[in-house]
Amino acid sequence: MPAWLTDFDTDLLLTFNSKGIAFLDTLFITCTTTLTWLPFFLGAVIMLCRSRLSALQVLLVIGGALLGLLIADGVAEGIVKPWAQRLRPCNEPALNGIVHIVNNYRSTDYSFFSGHATNTSMLAMLLITLVRNRRFAFAAALWSLLNCYTRLYLAQHYPTDIIVGLLWGSTVGAIIGTRLHRYLRIHTKTSSAHHPASPYPLIPSTATLWPLAGLALSSIYAIIIAAIHT
């Protein structure tokens with residue numbers, strides 16, 4: 001990477017990096033934990049179950065999501081990171097004492113490119129493409145971006161790690177989500193031989209309330225944990 005880009009990357013990282021505010025430190029270290037968002041994941045599954053999809057079609061979507069994670073994360077973790085071997089900001093000797101490390105939280109693998117950005121953007125884009133609901137799309141995108149921000153705040157990644165992860169994950173999610181949507185529009189239980197493409201949305205807007213409620217519960221949990229430990 002050119003020196004000017006490395007310098008710009010580092011300067012931008014320091015803008016987002018923790019300033020040692022106890023409440024925010026605990027909030028973002030909670031938000032970066034996958035288990036925190038379990039209610040959102042469960043809500044997404046319930047949303048699919050309450051849609052116009054059959055049980056087998058729900059399993060197909062879940063399988064597509066798992067395939068997307070396997071491809072997106074596999075490239076990031078299994079190919080690019082071992083090849084690039086870029087140290088994370090929290091482990092970079094030149095940044096020792098410059099970046100703020102929260103609770104000595106240091107991931108041990110390489111930095112480029114971000115697995116969190118890749119996986120959250122892949123899942124968000126797949127669901128956005130499948131659900132086709134503006135309210136849900138906004139919430140899912142915000143969830144992915146929040147996860148990305150936590151990685152900068154906690155000095156786990158540089159901004160370029162996040163940007164590349166977002167682009168790669170979104171691409172994988174969009175491809176799989178589009179193909180799933182196209183297939184399911186023809187094979188939903190509301191279709192018929194005379195009208196093979198269902199005129200109804202695959203996911204009713206009322207069903208999207210489940211993952212939105214899950215996001216709300218996860219957010220409230222993170223805030224409560226941060227308040228308790230401040």
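In table form, for the structure just shown:
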read-out: Residue in the stretch 67-74 that is free of Cβ contacts under 8 Å to residues at least 12 places away in the same chain and closer than 21 Å to M125 by Cβ present; value: yes
read-out: From L38, L42, L56, residue being surrounded by fewer than 16 Cβ atoms within 10 Å (Cβ to Cβ) and under 24 Å from W168 (Cα atoms); value: L38
read-out: Set L167, L142, L126, L184: member being modelled with pLDDT of 95 or more, over 24 Å from P39 (Cα atoms) and either in contact with a helix residue (DSSP H, G or I) (Cβ under 7 Å, 6 or more places away or on another chain) or not acidic (D, E) (or both); value: L167
read-out: Y110 open to solvent by 60 Å² or more (accessible area, probe 1.4 Å), touching a residue at least 12 places away in the same chain (Cβ under 8 Å) and over 19 Å from the mean Cα position of the chain (by Cα); value: no
read-out: Selection within the stretch 126-152 - touching a residue at least 24 places away in the same chain (Cβ under 8 Å), open to solvent by 20 Å² or more (accessible area, probe 1.4 Å), among the hydrophobic types (A, V, I, L, M, F, W, C) and within 17 Å of H116 (Cβ to Cβ); value: L146
read-out: Some residue of the stretch 24-44 being farther than 28 Å from N103 by Cβ, modelled with pLDDT under 95 and in contact with a helix residue (DSSP H, G or I) (Cβ under 8 Å, 6 or more places away or on another chain); value: no
read-out: Index of the failed condition, G97 passing every other in (1) in a helix (DSSP H, G or I); (2) open to solvent by 40 Å² or more (accessible area, probe 1.4 Å); value: (1)
read-out: Hits in the stretch 120-148 - residues which are farther than 17 Å from V45 by Cα and under 11 Å from the mean Cα position of the chain (by Cα); value: S121, A141, L142, S144, L145, L146, N147, C148
read-out: Lone unmet requirement of (1) open to solvent by less than 30 Å² (accessible area, probe 1.4 Å); (2) at pLDDT 95 or above; (3) under 21 Å from G63 (Cβ atoms) for I175; value: (1)
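The values are calculated or read from the model by the stated rules, or taken from the named source; none is laboratory data. A quick note: this is a predicted structure, and the numbers were derived from the prediction, not measured. Methodologically, a virtual Cβ is constructed for each residue, glycine included, from the backbone with ideal geometry; neighbour enumeration extends over all protein chains shown. Side chains are part of the model used for accessible areas, which takes the heavy atoms of the whole protein and leaves out ligands, DNA and RNA. Shrake-Rupley method; radii C 1.70, N 1.55, O 1.52, S 1.80 Å.
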